[in-house]
Amino acid sequence: MFPFTIELIAVLLFIGCVWHAQRYAGRAFAEQWFIAAYLYAIIRETINQVALQTYGYAPQVLYLGAAPALICLLWGSVFYLAYQFARRLSPTDNGLAMLGLLFVITASFALPLEATAVQLGWWNYAHVAHGVLGGLPLSVPIIWGGAAVIFYGVFSRVSRSALPERGRLYALVTLAPVIAVAHLLWALIVGGFLG
């Protein structure tokens, strides 16, 4: 029902997060985070839609190739929101506490988002063995949490490197396919374990 709603939410959340990142962390940080996250999401969704087909989107969704063009904006935005919350709660940006908080907060954001999407038919899952909230696989919030940890792990490693700002952006763009494949492997492992 009305898939444009999630696309509008994705665009508005993306604009708000980019504005916040530019204002408080700088333009370079915002470019690096959101360009890398969008490329990662497009690659990940393309592989999923073409090869794995674990879920499908409503036909009215705007696509870029096989990936949902505007819905892919959600990945970087949700990661950024979780990162901001985790930063406030963690004593350091680079510890296990930060990664744990990032995992839990992202999974917490993903659960209502995914449950709403499934209930309203914005997307639905092909195989639901252990579903919660009317057709949402139990593994989905865990997969989102792992995605945030993988993305942040690579992002923080590159941002602490000796590369200049533009070089960090290029490194993250280059690593976007690696992040996407790592996340898909995580999703397959978690999906295989939880059914």
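The apolar share of the surface of the chain, taken as the fraction of accessible area on carbon and sulfur atoms (1.4 Å probe, ligands and nucleic acids excluded), comes to 70 percent.
Judged by the mean number of other Cβ atoms found within 10 Å, the most tightly packed of the peptides 174-187, 139-152, 86-99 leads the ranking 139-152, 174-187, 86-99. Summed over qualifying helices (DSSP H, 4 residues or more, each -39500 (n - 2.57)) and divided by its residue number, the chain shows a 222 nm mean residue ellipticity of -24000 deg cm²/dmol. Cβ-Cβ distance of Leu185 and Ala51, R₀ of 22 Å, FRET efficiency by 1/(1 + (r/R0)^6): the value works out to about 0.95.
What the chain shows is 49 Å² of accessible area per residue, with the surface traced by a 1.4 Å probe over protein heavy atoms.
The distance between label points at Ala66 and Tyr170 comes to 3.0 nm (points 7 Å beyond Cα on the Cα→Cβ vector). In this label model, Ala162 and Val11 are separated by 4.5 nm, measuring between points 7 Å along each Cα→Cβ vector.
The values are calculated or read from the model by the stated rules, or taken from the named source; none is laboratory data. From a predicted model like this one, the values you see are computed outputs, not experimental measurements. Cβ atoms come from the backbone with ideal geometry, glycine included; neighbour counts cover every protein chain shown. Surface areas here come from the heavy atoms of the whole protein model, side chains and all, with no ligands, DNA or RNA. Shrake-Rupley method; radii C 1.70, N 1.55, O 1.52, S 1.80 Å.
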